[in-house]
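Notes follow once the structure below has been shown.
The values are calculated or read from the model by the stated rules, or taken from the named source; none is laboratory data. For clarity, every value in this text was computed on a predicted model and none was experimentally measured. Quick reminder, even Gly has a Cβ in these numbers, built from the backbone with ideal geometry, and neighbours come from all protein chains shown. The accessibility values were calculated without ligands, DNA or RNA, using every heavy atom of the protein model including side chains. Shrake-Rupley method; radii C 1.70, N 1.55, O 1.52, S 1.80 Å.
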Amino acid sequence: MESAEIARRFLRFFEERGHTVVPSASLIAEDPTLLLVNAGMVPFKPYFLGQQKPPYKRATSAQKCVRTLDIDEVGKTTRHASFFQMLGNFSFGDYFKEQAIPFAWELLTSSESDGGFGFPEEKLWVTVYLDDDEAIEIWKKTGVPAERIQRRDLADNYWHMGVPGPGGPCSEIYYDRGPEYGREGGPVADETRYLEVWNNVFMQFQLGTVRSKIDFDVVGELPAKSVDTGMGLERMAAILQGVDNIYEIDTTYKILDKAADLTKSRYGRDARADVSLRVVADHVRTGVMLVADGVLPSNEGRGYVLRRMLRRSIRNLRLLGSGEERYMHELTQTAIDVMGEQYPELKVDAPQIHGVIDAEEASFLGTLRTGTAIFDVAVEETKRKGATTLAGEQAFQLHDTYGFPIDLTLEMASEQGLKVDEEGFRRLMKEQRERAKADAAAKKTGNADISVFGQILEKTGKVDFLGYDQVTAESQVVGILVDGASVPAAGAGSTVELVLSRTPFYAEGGGQLADQGVIRTDGAEVEVVDVQSPVGGVIVHRGKVRLGEVRVGDQAQAEIDIERRRAISRSHTATHLVHRGFRNALGETAAQAGSENSPGRFRFDFTSAGAVPPSVLRDVEDEVNAVLINDLKVNAFHTSQAEARAMGALALFGEKYGETVRIVEVGDYSRELCGGTHVASSGQLGLVKVLGEASIGAGVRRVEALVGLDAFRFLARESVLVAQLSEQLKARREELPERIEGIVTRLRAAEKELDKLRSAQVLAIAGELAAGARDLHGVSVVTHRAPDGTSADDLRKLALDVRGRFPADRAAVVVVAGVPGDRPVVVAVVNEAGRGQGLKAGSLVGVAAKALGGGGGGKDDVAQGGGARPEAIDEALDAVRQAIAQTLA
């Protein structure tokens, strides 16, 4: 029975018994405490906790799940998998044990022709919680003999969410696979032979304090008892398809078999190859499901989970012998084909899924080539020293400079019989993060100890923000800081941080730049250049005292720069419109990933697997400007989070929202959670001009645009520029693209001819260099500094050309260095006779690169490296000559 049919039977069975079939929720969990959905009941958690009223009494689902705690174990055993599907039936205060138990038994034991799974009754065992006599009696009435019912303790047969709320005993059903899988005695004796296929959770108690899995307080019985059941689809498929493990079921084995075919491997012949094939099969399937739900590769959160899995797949393909071949596209298609019957959206979204995974493969293959070469040099150096641990500094350099993931370094080091100084690596990573945090915090808090702001908050209370409705306000100075220290007063010329009791000044946040303006007291005037909120509830005005002396307790008049505010507000509203426009054009996966709203200009970052075509940019621009022409009203109001979600308001991932949220809507076109300032109607924007888009990281694009007068001025300048080009080239405006393309084509052809001439000039001295080789202990050695500007490719060609001029039986080493741009490059080549003398190109490049302040590596015959110190090239070549002499000596 195929996996898709197992899911269909399960859902149909419960639908016929009054359950609402609920489609699988996205793997991107709405629960902020979860990175990804990791259990079938996660989408129903608000109902079980009483946070929301369920729209149905009974439900059933086949939920996609991803668990990431044991990624490193995937492939090493046949039990661990990262992606799985959980089939479940749920009762929210409707039926309980007396119906849940017979439901499970009927579906499992009914014949396949009657819509069941056809399990022989004598093969099934049941476990219940120690004192759950009620469940035992129901099982007996259902037809299970007492000798196949076993009691188990809290650790095995009691469930709760780990927080105060509902909990209760479990009752599990196990399938006996037979004596060839282990000893007799039921699940309590051997869970390898007796395989769990179904878990019924009976939520009947209200739990108070939860200290651990087995240590909690039971407050009393729930007024409405509920049921949460789970049946692992992959495990059921293994049993019903007659295979030993989840890697041999239909949806996984087809991917594994494709990987074996592509890499000319054979599953079951070699233990190490089998591990790699299982890793590829599992991770490709998981990767496809994650990308389909909008996850994109990144270095944080769920994006890092995806990146790690894809990169483990790519590296294991290389271990299987893929070399430089790119197989992820075909494997991705296989995964889409096998999972597409259950999830038809995979076939619809196939182009986007391919785009994301193909791009990650191309990116990582480059990283892998460079990183592996550097790693090999580090391993060689470590072993030469007789050490067994790769230094934390080397692991950090691989990660920080070459983008080599630490988990990959650990895995590769283990294969070489080495450990990694993880503590040293994590210390360096922590130091780097702390430096970055300190830099970011400096903008928020200046040089002040953040506790100073906390003291002000505690003493004077939360600062009232009036800026949504007012541009000036009467207030009082409640705090003054100079150089991070609290002071009672500050005189003219002082750079200060002022805290007012209330203010119209908007503190930078949500992508919107801070207001600027002036604060006046009876005896002083302060020019405000920045506003920040270093602590929730505190708004800090940074600026300079221009006149007089400002004192704590002074009455103040705060006034913002209204023209700047209006320009920023136009940009912020435009950002909302562009966000909606891109979602309309590219789908809901085009989610905002950052923004900056400044006067007359804004930038908008959003998730996208690839470049946005110019035609889409034009369409979005036209759509947004149509909204401006229609002059839609901009409305802002506060509501609850639940109501905001029900209204479909966009909430930005990573943003923290309170119970009450502010929604900004532009007519019926756009609706977002937002704390920023906006225009009164869309027509006030005047015009939005999209300047272009570009990549700012894997899977993230940035659009920049102008608003209002800035957009008009830009178009005016463009018109003048086009007129000048038209005059210079003697062509009509519509002819300019073709005319300019012809000029560029001719220039490129001329540049290619120049490159050929330069290359020929460089290679012309190959014979002279070979003739002038130095003899070191019977080895011909050539070290040469090429003229600045010589390309890395020409350096490599020159080195190979010189090496080829020596007889095959004459040991020869050629090392050539140069500065193609602003960084030095060194290439080393050693012929076969030279390698026979113990000389290795990779080691020699490592010596040179160290002197150049960088790194490098490669094979024994050809290697390349570089650094950051072009002035040290002569020193590097000297170091190479010394290393050759030492090796030969």
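How many residues, within the range 825-843, are in a helix (DSSP H, G or I) and either more than 15 Å from Ala799 (Cα to Cα) or open to solvent by 10 Å² or more (accessible area, probe 1.4 Å) (or both)?
Number of matching residues: 5.
Looking for something of a type outside the set (A, V, I, L, M, F, W, C), touching a Ser or Thr at 6+ places or on another chain (Cβ under 7 Å) and open to solvent by less than 30 Å² (accessible area, probe 1.4 Å) - is there at least one such residue anywhere in the range 96-116?
Yes, the range 96-116 contains a residue that is of a type outside the set (A, V, I, L, M, F, W, C), touching a Ser or Thr at 6+ places or on another chain (Cβ under 7 Å) and open to solvent by less than 30 Å² (accessible area, probe 1.4 Å).
Among the listed residues Gln470, Gln512, which satisfies the condition of being touching a residue at least 40 places away in the same chain (Cβ under 8 Å), closer than 28 Å to His576 by Cβ and of a type outside the set (Gly, Ala, Ser)? Before the answer, list the steps.
Details: Gln470 fails: touching a residue at least 40 places away in the same chain (Cβ under 8 Å).
Residue meeting the stated conditions: Gln512.
Just checking, which of Phe119, Phe84, Phe92 is aromatic (Phe, Trp, Tyr) and over 41 Å from the mean Cα position of the chain (by Cα)?
Exactly one of Phe119, Phe84, Phe92 is aromatic (Phe, Trp, Tyr) and over 41 Å from the mean Cα position of the chain (by Cα), namely Phe119.
When residues of the range 169-183 are filtered for being at positive phi and crowded, with 21+ Cβ neighbours inside 10 Å, how many remain?
The qualifying residues number 0.
Tell me, please, whether a residue that is modelled with pLDDT of 85 or more, part of a strand (DSSP E or B), under 25 Å from Glu16 (Cα atoms) and of a type outside the set (Phe, Trp, Tyr) can be found in the range 94-115. Reasoning before the result, please.
Initially, the range 94-115 is screened for residues modelled with pLDDT of 85 or more, giving 94-115.
Still in the list and also part of a strand (DSSP E or B): none.
For the range 94-115, residues modelled with pLDDT of 85 or more, part of a strand (DSSP E or B), under 25 Å from Glu16 (Cα atoms) and of a type outside the set (Phe, Trp, Tyr): absent.
Pairs under 9 Å by beta carbon, first residue at positive phi in the range 22-50, partner open to solvent by less than 30 Å² (accessible area, probe 1.4 Å) and small (Gly, Ala, Ser), six or more apart or different chains?
Gly50/Gly165
List the helices (runs of 4 or more DSSP H) inside the range 300-356, counting only whole elements, that have at least 1 residues being in contact (Cβ under 8 Å) with a residue 12 or more places away in the chain, acidic (Asp, Glu) and closer than 23 Å to Ala591 by Cβ.
Helices (runs of 4 or more DSSP H) meeting the threshold: 345-348.
Go through (1) in a strand (DSSP E or B); (2) in contact (Cβ under 8 Å) with a residue 40 or more places away in the chain and name the single condition Asp530 misses.
Just one mismatch for Asp530, condition (2).
Considering only residues of the range 255-297 that are out of contact with any Leu (no Cβ under 8 Å at 6 or more places or on another chain) and in a loop (DSSP other than H, G, I, E, B), which is modelled with the lowest pLDDT?
Looking at the filtered set, the residue picked out is Gly294.
Only one of (1) open to solvent by less than 40 Å² (accessible area, probe 1.4 Å); (2) in contact (Cβ under 8 Å) with a residue 40 or more places away in the chain fails for Ala359. Which number is that?
Among (1) open to solvent by less than 40 Å² (accessible area, probe 1.4 Å); (2) in contact (Cβ under 8 Å) with a residue 40 or more places away in the chain, Ala359 violates only (1).
Tell me yes or no: at least one residue of the range 807-820 is at pLDDT 90 or above, in a strand (DSSP E or B) and open to solvent by 10 Å² or more (accessible area, probe 1.4 Å).
Scanning the range 807-820 turns up no residue that is at pLDDT 90 or above, in a strand (DSSP E or B) and open to solvent by 10 Å² or more (accessible area, probe 1.4 Å).
What residue, among those in the range 184-220 that are at pLDDT 90 or above and among the small types (Gly, Ala, Ser), is least open to solvent (accessible area, probe 1.4 Å)?
Selected residue: Gly186.
I'd like the residue in the range 131-160 that is touching a Leu at 6+ places or on another chain (Cβ under 8 Å), closer than 30 Å to Leu207 by Cα and not in a helix (DSSP H, G or I) and, out of all such residues, is most open to solvent (accessible area, probe 1.4 Å).
In this case the residue turns out to be Arg151.
Can you tell me which residues in the range 305-356 are more than 22 Å from Glu411 (Cα to Cα), crowded, with 18+ Cβ neighbours inside 10 Å and aliphatic (A, V, I, L, M)?
Leu331, Ala335, Ile336, Val338, Met339, Leu346, Ile353, Val356 - these are the residues of the range 305-356 that are more than 22 Å from Glu411 (Cα to Cα), crowded, with 18+ Cβ neighbours inside 10 Å and aliphatic (A, V, I, L, M).
What is the one condition in (1) at pLDDT 90 or above; (2) touching a helix residue (DSSP H, G or I) at 6+ places or on another chain (Cβ under 8 Å); (3) surrounded by fewer than 18 Cβ atoms within 10 Å (Cβ to Cβ) that Val880 does not satisfy?
So Val880 meets the others, but not (3).
Across the range 679-697, what is the number of residues that are polar (S, T, N, Q), open to solvent by less than 40 Å² (accessible area, probe 1.4 Å) and closer than 12 Å to Ser571 by Cα?
So the answer is 1.
Scanning the range 64-92 for residues that are at pLDDT below 90, among the hydroxyl-bearing types (Ser, Thr, Tyr) and under 15 Å from Ile246 (Cβ atoms), which turns out least open to solvent (accessible area, probe 1.4 Å)?
Thr77
Given the range 566-678, what strands (runs of 3 or more DSSP E) lie entirely inside it while holding 2 or more residues that are touching a strand residue (DSSP E or B) at 6+ places or on another chain (Cβ under 8 Å), crowded, with 19+ Cβ neighbours inside 10 Å and of a type outside the set (Gly, Ala, Ser)?
Details: elements: 592-598, 601-607, 634-640, 660-666, 670-673.
In the range 566-678, 592-598, 601-607, 660-666, 670-673 are the strands (runs of 3 or more DSSP E) which contain 2 or more residues that are touching a strand residue (DSSP E or B) at 6+ places or on another chain (Cβ under 8 Å), crowded, with 19+ Cβ neighbours inside 10 Å and of a type outside the set (Gly, Ala, Ser).
If you take the residues of the range 500-527 that are of a type in the set (Ser, Thr, Tyr) and assigned to a strand (DSSP E or B), which of them is surrounded by the most Cβ atoms within 10 Å (Cβ to Cβ)?
Of everything passing the filter in the range 500-527, Thr503 is surrounded by the most Cβ atoms within 10 Å (Cβ to Cβ).
For the range 538-555, enumerate the residues that are surrounded by fewer than 23 Cβ atoms within 10 Å (Cβ to Cβ) and either in a strand (DSSP E or B) or of a type in the set (Phe, Trp, Tyr) (or both).
Arg542, Gly543, Lys544, Arg546, Leu547, Gly548, Glu549, Arg551, Gln555
What do you reckon, is Thr229 open to solvent by 20 Å² or more (accessible area, probe 1.4 Å), assigned to a strand (DSSP E or B), closer than 30 Å to Gly50 by Cβ and in contact (Cβ under 8 Å) with a residue 40 or more places away in the chain? Steps first, please.
Details: open to solvent by 20 Å² or more (accessible area, probe 1.4 Å): no; assigned to a strand (DSSP E or B): yes; closer than 30 Å to Gly50 by Cβ: yes; in contact (Cβ under 8 Å) with a residue 40 or more places away in the chain: yes.
Considered against the rule, which asks whether it is open to solvent by 20 Å² or more (accessible area, probe 1.4 Å), assigned to a strand (DSSP E or B), closer than 30 Å to Gly50 by Cβ and in contact (Cβ under 8 Å) with a residue 40 or more places away in the chain, Thr229 comes out as no.
Within the range 556-565, restricting attention to residues that are in contact with a Pro (Cβ under 8 Å, 6 or more places away or on another chain) and aliphatic (A, V, I, L, M), which residue is surrounded by the fewest Cβ atoms within 10 Å (Cβ to Cβ)?
Per the criteria, the residue is Ile560.
Which number in (1) touching a strand residue (DSSP E or B) at 6+ places or on another chain (Cβ under 8 Å); (2) open to solvent by less than 50 Å² (accessible area, probe 1.4 Å); (3) under 30 Å from Val275 (Cβ atoms) marks the one condition that Asp250 misses?
The single condition Asp250 does not satisfy is (1).
Could you give every pair whose Cβ atoms fall below 7 Å, whose first residue belongs to the range 611-634 and is at positive phi and touching a residue at least 40 places away in the same chain (Cβ under 8 Å), and whose second residue is of a type outside the set (Ser, Thr, Tyr) and surrounded by 13 or more Cβ atoms within 10 Å (Cβ to Cβ), counting only separations of at least 6 or pairs across chains?
If the second residue must be of a type outside the set (Ser, Thr, Tyr) and surrounded by 13 or more Cβ atoms within 10 Å (Cβ to Cβ), the pairs left are Asp631/Gly683.
Okay, residues lined up against (1) in contact with a Ser or Thr (Cβ under 7 Å, 6 or more places away or on another chain); (2) surrounded by 15 or more Cβ atoms within 10 Å (Cβ to Cβ); (3) in a helix (DSSP H, G or I):
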| position | (1), (2), (3) |
| --- | --- |
| Ile456 | no, yes, yes |
| Glu474 | no, no, no |
| Gly479 | yes, yes, no |
| Gly493 | no, no, no |
| Leu498 | no, yes, no |
| Gly536 | no, no, no |
